[in-house]
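Here is the structure we will look at.
The values are calculated or read from the model by the stated rules, or taken from the named source; none is laboratory data. Computed from a predicted model, the values in this text were never measured in an experiment. Cβ: placed from backbone, ideal geometry, glycine included. Neighbour counts: every protein chain shown. With ligands, DNA and RNA removed, areas are computed over all heavy atoms of the protein, side chains included. Shrake-Rupley method; radii C 1.70, N 1.55, O 1.52, S 1.80 Å.
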Amino acid sequence: MRSPIPSDLPAAAADSSGSSEVPDKPEKVEKSEDGQPRYAQVARELKRAIATGIYPVGAHLPTEHQLCEQFQVSRFTAREAVRILAASGLVTRRPRIGTVVAATSDAPRYTHNATSVQDLLQYAQDTELRLVYIGKVAFSKGQAQEFGVEAGAEWIYGMGVRMAGTLTEQAAGMARPICLTRLYLNPLLTGIETKLRGRRGAVHAMIEADYGVTINRVEQELQGILLDAEDAANLHALPGAAGLRILRRYYSDKDELLEIADNVHASDRFSYKMQMKM
């Protein structure tokens, strides 16, 4: 009768083929002072370094050899720590390139499911838009061409960040900005600057309620971008990191363009899901 397989050996070490070859000796798992595997401790420290910006998105982690020296661990421990980060989606490992940071948190991304204008309302209720500036702006020729408005026209302008997370997470400063929003509002909406400051929920819903109009059409454009220095700073991201720009134009039932929302998302914390039926 064959001896039972020791429970502390990896499955790969158990030879069920009947071969007489001696299996490879399993790697010794280093333990920390609290008895936990050392690779788990190293992974936690690397996660903390990524979350605090020591290794931002797009940066390279130290090589396996450098990790061994930094943490005074074996190659097996360093390799297992990086494997944990890769399994969490925080890093990617590429041949001849190294280990690159892909996300700053293993918390799930905010996923926006959009099939109707009502879903935009739900998105505004699930998140919080914190406006940090409200004023006026005159459209440049480039903006006018892109937005479909008259060059030089002066509209109400607001800029802010949209936050996701529970109220507790937001109060504790644990919530991250998922979006930088620039709002442009038609001057036909008299007094809307004041209303924006006390607003709750979606801006287009406030326009409907306070101005007696109906938003019956929304045009939406999606564009892959690289974050510039200003947007990256507002989103706590790395300049040049991948981003998603979503431009929305809101039209009334009289086909008047009332609101333009120019949204810039960091790619590591937002995904967009759309369903189309045949």
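Quick notes on this structure:
- Those residues of segment 136-162 which are among the charged types (D, E, K, R) and in contact with a helix residue (DSSP H, G or I) (Cβ under 9 Å, 6 or more places away or on another chain), in sequence order: Lys136, Glu150, Arg162
- Note on segment 1-58: among residues that are modelled with pLDDT of 50 or more and at positive phi, the one that is surrounded by the fewest Cβ atoms within 10 Å (Cβ to Cβ) is Gly35.
- Filtered residue count, segment 247-278, keeping only those that are assigned to a strand (DSSP E or B), at pLDDT below 90 and of a type outside the set (Ser, Thr, Tyr): 4
- Options Leu67, Leu61; residue that is among the hydrophobic types (A, V, I, L, M, F, W, C), open to solvent by less than 20 Å² (accessible area, probe 1.4 Å) and in contact (Cβ under 8 Å) with a residue 40 or more places away in the chain: Leu61
- Residue check, Leu244 of a type outside the set (D, E, K, R), outside any loop (DSSP other than H, G, I, E, B) and free of Cβ contacts under 8 Å to residues at least 40 places away in the same chain: yes
- Considering segment 176-222, and only residues there that are open to solvent by 20 Å² or more (accessible area, probe 1.4 Å), among the small types (Gly, Ala, Ser) and under 19 Å from Met159 (Cα atoms), the residue that is modelled with the highest pLDDT turns out to be Gly191.
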